[in-house]
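Asks: Before anything else, here's the structure in question.
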Amino acid sequence: MTSYFLPRDYDAVSYLIVACVAAPLFYLISEATAVGIGISRKTSFAMIASILAFFVNAMLNYLLIPSLGAGGAAIATVIAFFVFFVLRTEASCYLWHPFPRFKIYIISIFYILLTTVMVVQKSQVEYLFIAWIILFLITMALFHKRIKASFIYLRTRLKN
C-alpha cells in the first residue's frame, strides 16, 4: 500500500509508518485534552509532562534501539508521546475540569500494543489487518454515542 505514496526504496520500512503517525496523533489529542492547564495558568505542569516524556523516550531508546533499530526508536517515541498525553490530560483534569478518560486510555494502550507487534514483526503477521479491523470496531462500539452525536451535529450543520 505504501508503494503508492513512497518510492520503492522505502518499502523495507513501510511497517514503521503506523508508529510514526501515532506519535503526532497523541500530541494532537493531548492538545485537546490539556486545555485545563492553559486555562488554570499552571503551565509548569505541561513542562513537567514534557520532561518526564523526554526521559521515558531517552530510556526506551537506550533499551530498544540496540535490538530493534529504527523500530525500537519508533516504539519508544509512541510510548513517550502516550505518556506525555496521559500526564497532560491528568494534569488538566486535576487543575480544571475532570472528564471521563478511562476508555481513551484503554483503547490507546491496545493501539500501542498492536503497533508494537506490527513494528517488531515487521508486518509479517499474516492476518494483522484483522486485528486492526477488530480494534477499530471495538473503538466504534465504545464511542458509539459520541460518534452518533457527531454525525447528527454534522448533518444539521450541513443542512444550514
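Asks: Say whether the condition of being surrounded by 17 or more Cβ atoms within 10 Å (Cβ to Cβ), assigned by TED's automatic domain parsing to the domain that holds I37 and in contact with a Phe, Trp or Tyr (Cβ under 9 Å, 6 or more places away or on another chain) is met by at least one residue in the stretch 63-70.
Replies: Here is the first cut: in the stretch 63-70, the residues surrounded by 17 or more Cβ atoms within 10 Å (Cβ to Cβ) are 64, 68.
Retained after the next criterion (residues that are assigned by TED's automatic domain parsing to the domain that holds I37): 64, 68.
Next, only the ones that are in contact with a Phe, Trp or Tyr (Cβ under 9 Å, 6 or more places away or on another chain) stay: none.
Checked against the condition, which is being surrounded by 17 or more Cβ atoms within 10 Å (Cβ to Cβ), assigned by TED's automatic domain parsing to the domain that holds I37 and in contact with a Phe, Trp or Tyr (Cβ under 9 Å, 6 or more places away or on another chain), the stretch 63-70 yields no hits at all.
Okay, residues lined up against (1) closer than 25 Å to F110 by Cβ; (2) surrounded by fewer than 17 Cβ atoms within 10 Å (Cβ to Cβ):
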site: A32; (1), (2): yes, yes
site: R41; (1), (2): no, yes
site: S44; (1), (2): no, yes
site: V56; (1), (2): yes, no
site: G72; (1), (2): yes, no
site: I75; (1), (2): yes, no
site: A80; (1), (2): yes, no
site: W96; (1), (2): no, yes
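Asks: The conditions are (1) assigned by TED's automatic domain parsing to the domain that holds I17; (2) modelled with pLDDT under 95; (3) more than 28 Å from V13 (Cα to Cα); (4) in a helix (DSSP H, G or I), and V117 fails exactly one of them. Which is it?
Replies: If we test V117 against (1) assigned by TED's automatic domain parsing to the domain that holds I17; (2) modelled with pLDDT under 95; (3) more than 28 Å from V13 (Cα to Cα); (4) in a helix (DSSP H, G or I), just (3) comes out false.
Asks: Cβ contacts < 9 Å: first residue on the phi > 0 side of the Ramachandran plot and of a type in the set (S, T, N, Q), restricted to the stretch 122-135; second residue surrounded by fewer than 14 Cβ atoms within 10 Å (Cβ to Cβ) and not in a loop (DSSP other than H, G, I, E, B), any location; separation 6+ or different chain. Result?
Replies: none
To keep it simple, each residue is scored yes or no on (1) hydrophobic (A, V, I, L, M, F, W, C); (2) out of contact with any Lys or Arg (no Cβ under 9 Å at 6 or more places or on another chain); (3) part of a helix (DSSP H, G or I); (4) over 13 Å from A22 (Cα atoms).
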site: P66; (1), (2), (3), (4): no, yes, yes, yes
site: G72; (1), (2), (3), (4): no, yes, yes, yes
site: A76; (1), (2), (3), (4): yes, yes, yes, no
site: A80; (1), (2), (3), (4): yes, yes, yes, no
site: A91; (1), (2), (3), (4): yes, no, yes, yes
site: H97; (1), (2), (3), (4): no, yes, no, yes
site: P100; (1), (2), (3), (4): no, yes, no, yes
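Asks: Further, regarding this structure: Taking the stated definitions as given, is Y111 surrounded by fewer than 17 Cβ atoms within 10 Å (Cβ to Cβ), hydroxyl-bearing (S, T, Y) and assigned by TED's automatic domain parsing to the domain that holds F45? Even if it seems obvious, please write down each step before you answer.
Replies: Details: surrounded by fewer than 17 Cβ atoms within 10 Å (Cβ to Cβ): no; hydroxyl-bearing (S, T, Y): yes; assigned by TED's automatic domain parsing to the domain that holds F45: yes.
No.
The values are calculated or read from the model by the stated rules, or taken from the named source; none is laboratory data. The structure presented is a predicted model; accordingly, all values stated were derived computationally and were not measured. Every residue, glycine among them, receives a Cβ derived from its backbone with ideal geometry; neighbour counts consider all protein chains shown.
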